[in-house]
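Heads up: the structure comes next, in structure tokens.
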2 protein chains.
Amino acid sequence: MSNQELVVLGQGDAAACCPGLLTAPLDEGQATELAKVFKALGDPVRLRLLSMIASRAGGEVCVCDLTPAFDLSQPTISHHLKLLRQAGLIDCERRGTWVYYWLVPEMTDRLASVLSRPAGEPLPDRAATAGAAS
Amino acid sequence: MSNQELVVLGQGDAAACCPGLLTAPLDEGQATELAKVFKALGDPVRLRLLSMIASRAGGEVCVCDLTPAFDLSQPTISHHLKLLRQAGLIDCERRGTWVYYWLVPEMTDRLASVLSRPAGEPLPDRAATAGAAS
DNA sequence: GAAAGACATCGATGAACATCAATGCAAGCC
DNA sequence: GGCTTGCATTGATGTTCATCGATGTCTTTC
């Protein structure tokens, strides 16, 4: 049930392959893989689902707790959960009657690091002019 | 030319409003605003554009340097740049014949922090079972 | 094993999106 | 003024996506 995720995590060389969006131009392959994950985040329903799953105390959530929180049909929620899972952002397991989802923190960690810039960036003094451009 | 960006940055209370995706459930409004930015990142061409702009030494790039790097028409590149700008990820200015784009680091910083979890998270010991769920 | 509940998958549909050719607009040059 | 170059906008088109109802699969219970 959990074997159709993206390989973006890279299983070992994850940190080595992509030092970040902001330091060096992405090649086409990296961009394609990353875009799939960001696209999964590019929907308000999926963002809320991910947020509900990630912030859950026990670390996992039953689908039966997620579905009623939205004004959407059960198949639609199921569809969004599938996309999040295919993006490698969450994973799930069936236990008896219910299916439980949890966050894959390695993926969100990776995204966060990809969006981070190396601490003391020069930052070409744009702050003075950016806001004032009428 | 730079006054149609999203208001996600919040102009002061940015850090205060959204402690992160992963700590508390997003409300609908927050999710909608955030999703717009992530959606802008959900395309390989836009990711490469952003990466090329962000990693540029001088801090800004002429459109004339971006367009030839892709196998796409000039209007298409212009369209993608517009979406990135509307998401608040980049900004631009015309100087004479050319238009220059630069990164808005506050936005990528914000995304990175939204995806980060508070250092010492419990992390319900999933590592042992996640990979083995056939 | 029949019935019921929880989720996933399928097929259809309307909306959103990526792309392009054509055109518009601004700036520099003759 | 007219011409050229750099970039944005417009309108059209094929594709992808979000959503739903119907249906299938798995599990528990009787």
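Within the range B:65-76, count every residue that is within 11 Å of DNA strand C (Cβ to nearest atom) and within 14 Å of another protein chain (Cβ to nearest Cβ).
Narrowing the range B:65-76 to residues within 11 Å of DNA strand C (Cβ to nearest atom): B:67, B:70-76.
Within this subset, residues satisfying the condition of being within 14 Å of another protein chain (Cβ to nearest Cβ) are B:70-72.
Selection size over the range B:65-76: 3.
Considering only residues that are under 13 Å from the mean Cα position of the chain (by Cα) and surrounded by fewer than 23 Cβ atoms within 10 Å (Cβ to Cβ), which ones fall in the range A:92-103?
If the condition is that a residue be under 13 Å from the mean Cα position of the chain (by Cα) and surrounded by fewer than 23 Cβ atoms within 10 Å (Cβ to Cβ), then A:Trp102 is the only one that fits.
Test B:Leu41 against the stated conditions and say whether it is under 20 Å from A:Pro19 (Cβ atoms), more than 11 Å from DNA strand C (Cβ to nearest atom) and open to solvent by less than 40 Å² (accessible area, probe 1.4 Å). Full working, then the answer.
Details: under 20 Å from A:Pro19 (Cβ atoms): yes; more than 11 Å from DNA strand C (Cβ to nearest atom): no; open to solvent by less than 40 Å² (accessible area, probe 1.4 Å): yes.
In short, no.
How many of the residues in the range B:61-89 are touching a residue at least 40 places away in the same chain (Cβ under 8 Å) and touching a strand residue (DSSP E or B) at 6+ places or on another chain (Cβ under 6 Å)?
Residues meeting the conditions: 2.
Name every residue in the range B:40-60 that is under 15 Å from the mean Cα position of the chain (by Cα) and touching a residue at least 24 places away in the same chain (Cβ under 8 Å), in order of residue number. Steps first, please.
Within the range B:40-60, the subset under 15 Å from the mean Cα position of the chain (by Cα) is B:40-55.
B:Ala40, B:Leu41, B:Asp43, B:Val45, B:Arg46, B:Leu49, B:Leu50, B:Ile53, B:Ala54, listed by residue number.
Here is a list of conditions, (1) modelled with pLDDT of 95 or more; (2) away from DNA strand C (no atom under 16 Å from the Cβ), and A:Gln30 meets all of them except one; can you say which number that is?
(1)
As an exercise: evaluate B:Ser116 against (1) modelled with pLDDT under 95; (2) small (Gly, Ala, Ser); (3) surrounded by fewer than 19 Cβ atoms within 10 Å (Cβ to Cβ) and give the number of the one condition it does not meet.
(3)
Of (1) more than 10 Å from every other protein chain (Cβ to nearest Cβ); (2) modelled with pLDDT of 95 or more; (3) closer than 30 Å to A:Ser51 by Cβ, B:Leu103 satisfies all except one. Which?
(1)
Kindly establish whether B:Val63 is open to solvent by less than 10 Å² (accessible area, probe 1.4 Å) and out of contact with any helix residue (DSSP H, G or I) (no Cβ under 6 Å at 6 or more places or on another chain).
On the way: open to solvent by less than 10 Å² (accessible area, probe 1.4 Å): no; out of contact with any helix residue (DSSP H, G or I) (no Cβ under 6 Å at 6 or more places or on another chain): yes.
Here the answer is no, as B:Val63 does not meet what is asked.
Can you tell me which residues in the range B:66-91 are away from DNA strand D (no atom under 13 Å from the Cβ), surrounded by 21 or more Cβ atoms within 10 Å (Cβ to Cβ) and among the charged types (D, E, K, R)? So that I can check it myself, show each step before the final result.
Narrowing the range B:66-91 to residues away from DNA strand D (no atom under 13 Å from the Cβ): B:71, B:87-89.
When the remaining residues are screened for being surrounded by 21 or more Cβ atoms within 10 Å (Cβ to Cβ), the result is B:87-89.
Answer for the range B:66-91, where residues must be away from DNA strand D (no atom under 13 Å from the Cβ), surrounded by 21 or more Cβ atoms within 10 Å (Cβ to Cβ) and among the charged types (D, E, K, R): there is none.
The values are calculated or read from the model by the stated rules, or taken from the named source; none is laboratory data. Owing to the predicted nature of the structure, the values given are computational and were not obtained by experimental measurement. Every residue, glycine as well, gets a Cβ built from its backbone with ideal geometry; the counts of neighbours run over all protein chains shown. Only protein heavy atoms, including side chains, enter the accessible area calculation; ligands, DNA and RNA are left aside. Shrake-Rupley method; radii C 1.70, N 1.55, O 1.52, S 1.80 Å.
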